[in-house]
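Just so it is clear, none of the values below were taken in a lab; they were calculated from the coordinates. Here the structure is a predicted model, which is why all the values come from computation and not from measurement. Please note: Cβ atoms are built from the backbone with ideal geometry, for glycine as well, and neighbour counts cover all protein chains shown.
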Amino acid sequence: MPTWLWIVVVLVALLLLGGVWIYNRLVKLRARVNNGWSQIDVQLRRRYDLIPNLVTTVQGYATHERELFEHVTEARSQAIEANAVPDQAQAENQITRGVRQLFAVAENYPDLKANQNFLALQEELTGTESKIAFARQFYNDQVALLNTLIGSFPSNVVAKAFGFGPREFFDIEDPVREPSQVEFPG
Amino acid sequence: MYEQIASNKRKTVLLIVGAIVLLGAVGYALGLWAGSGVYGLVGAVALAIVLSLGSFFGGDRLVLASTRAREVTPQEQARLHNIVEGLSIAAGIPKPRVYVIPEQAPNAFATGRNPEHSSVAVTEGLLATMNRVELEGVIGHELSHVVDRDILVGTIVATLVGAAVLISEFFLRSWWWGGFRGRRGGDSGGGGAEAIVFAIGLVLLVLAPIIGQIIRFAVSRQREFLADAQGALLTRYPPGLASALRKIGAASGIPMHSANNATAHLWLNQPSRIQGEGTGPLEKLFNTHPPIEERIRRLEEM
């Protein structure tokens, strides 16, 4: 074969290799984004399960806070029923705020604060709350990486050829993370 | 961050190759003395392979057992489990197994061969002294070691370098005390070429412990800074780890009973067996970790 033909063959091979590499990276990122999304879902569900427990426990002690209980319960059912991402985000924010208020209210009831069941629930909810934040952080990080890859040259060519589209960020309010958080050892 | 992990994987391979070459060179040098360099080399490389495979599959269990770590359930340690799970989600890795070590000095380490087979261990002292945010900082640091696969290098390099140093020290000492005299007597008519080979062998054996130490430094010091930074990236809250390190620094007087040289580089902060160990100017040269004040300073600048 003449030299120029060799050069063409090598160039085509390099292009193909590059394309395969980009394609694999796109697939990997898409899997990470999907995984991140299902993690958020798992943690949100966990919170839906915990809220009725929390309300029942607090109700036994703090009988005067009926409005707050109703508010949290309603936000929960709204979040479960929501179809669009923005509606759900809105309801999730309501839950986050309501749960925080419930814990603030609990501060006024020493008997409640000594209740083992309540303490366990508080740890579970605080843990779930931060897991939601971490899951969202992972999801958004991966979406950013995927969208950058899809948007930049030459990977946009590969993305277009194989139908990789950009994904939406999941924006809900960041739970406040301060070092002065109330601490319960154990 | 994900790009850094790829480059870390390459460095991992390089460091392990480096450790194997070191062990091989020591074996070759010994072989020269005993009459055949090739046998020594083959023996040493075989030993390196056996040791690497052994620590690949069982190193984590060995390390955990040597610190008397006990696996805990989510019911026993709800807060710790929740934090480990949350940060694993943030790092995009499966949740490691969780262990508690019966020691009062606040410290922690991670071990295992890859993110799918990893464990995080913290001391009772750490659980008692840290609040949630600080604990998140510490766990974030440890999980970064898991993500970067430092845990594998740490475990394998500890075994390989340990073997090279042990062998070279053993033979240097027996040579020094005349153990090889009979053998060398037989070679005495060999002339200049053999004398040079002997000299090279001797230099190699003397240098082996120093090279081993350098490889261990390469494994550990820079990686601690990297894990601090990545841990902070996971928690999105650098002051958490900074505050935890400050508490750990303040508690450095508490000795750790299960600390030893082979596992020193695995811990969050270098453990001390006796009060005030590792603070002298000469001891600082051989520390496996950067000074805690420097780590705090870098975290505060983020």
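Results, tabulated for the structure shown:
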read-out: Restraint check, A:Lys160/B:Lys95; A:Lys28/B:Lys95; B:Lys11/B:Lys247; A:Lys113/B:Lys95, Cα-Cα greater than 25 Å; value: A:Lys160/B:Lys95; B:Lys11/B:Lys247; A:Lys113/B:Lys95
read-out: Phi-based couplings in Hz for the range B:240-249 (Karplus 6.51, -1.76, 1.60; Gly and Pro marked x); value: x, 5, 4, 5, 5, 5, 4, 5, 5, x
read-out: Backbone HN-Hα couplings from phi across the range B:75-83 [Karplus 6.51/-1.76/1.60, Hz, Gly and Pro as x]; value: 5, 5, 10, 4, 5, 4, 4, 4, 5
read-out: Listed residue (A:Ala79, A:Asn147, A:Leu102) projecting farthest to the positive dipole end of chain A, Cβ model; value: A:Asn147
read-out: Chain A, relative contact order [Cα under 8 Å, separation at least 6], %; value: 30 percent
read-out: Note, ³J(HN,Hα) from phi for the range B:14-23, Karplus 6.51, -1.76, 1.60, rounded to Hz, x at Gly and Pro; value: 4, 5, 5, 4, x, 5, 5, 4, 4, 5
read-out: Highest to lowest packing among A:8-21, A:65-78, scored as the average C-beta count within 10 Å; value: A:65-78, A:8-21
read-out: Debye, to nearest 20: dipole size of the range B:16-153, +1 on Lys, Arg Cβ, -1 on Asp, Glu Cβ; value: 260 debye
read-out: Of all DSSP beta bridges in the range B:28-164, antiparallel share, percent nearest 5; value: 60 percent
read-out: Shielding by partners, peptide B:129-135 (average Cβ within 10 angstrom, other chains); value: 4
read-out: Positive-end residue of A:Pro2, A:Asn34, A:Thr128, charge dipole of chain A with Cβ unit charges; value: A:Pro2
read-out: Point-to-point label distance, B:Ile214-B:Ser66, nm (Cα→Cβ direction, 7 Å offset); value: 2.4 nm
read-out: Residues whose placed amide H lies under 5 Å from that of B:Ser118, excluding near-sequence neighbours; value: B:Arg97
read-out: C-alpha long axis of helix A:85-106 to longest principal axis of chain A, angle in °; value: 30 degrees
read-out: Per-residue mean of C-beta atoms belonging to partner chains within 10 Å, peptide B:79-89; value: 6
read-out: Residues B:Met130, A:Met1, B:Met302 arranged by fewest to most Cβ contacts within 10 Å; value: A:Met1, B:Met302, B:Met130
read-out: With Cα atoms, 0 to 90° folded angle of helix A:3-59 axis to chain A main axis; value: 10 degrees
read-out: Charge sum, other residues only, whose C-beta stays under 15 Å from A:Val158's C-beta, Lys/Arg counted +1 and Asp/Glu -1; value: +4
read-out: Efficiency of FRET between A:Val9 and A:Phe153 - r from beta-carbon atoms, R0 25 angstrom, step 0.05; value: 0.55
read-out: Size of electric dipole in the range A:24-161: Cβ of Lys, Arg +1 and of Asp, Glu -1, about Cα centre, debye, nearest 20; value: 900 debye
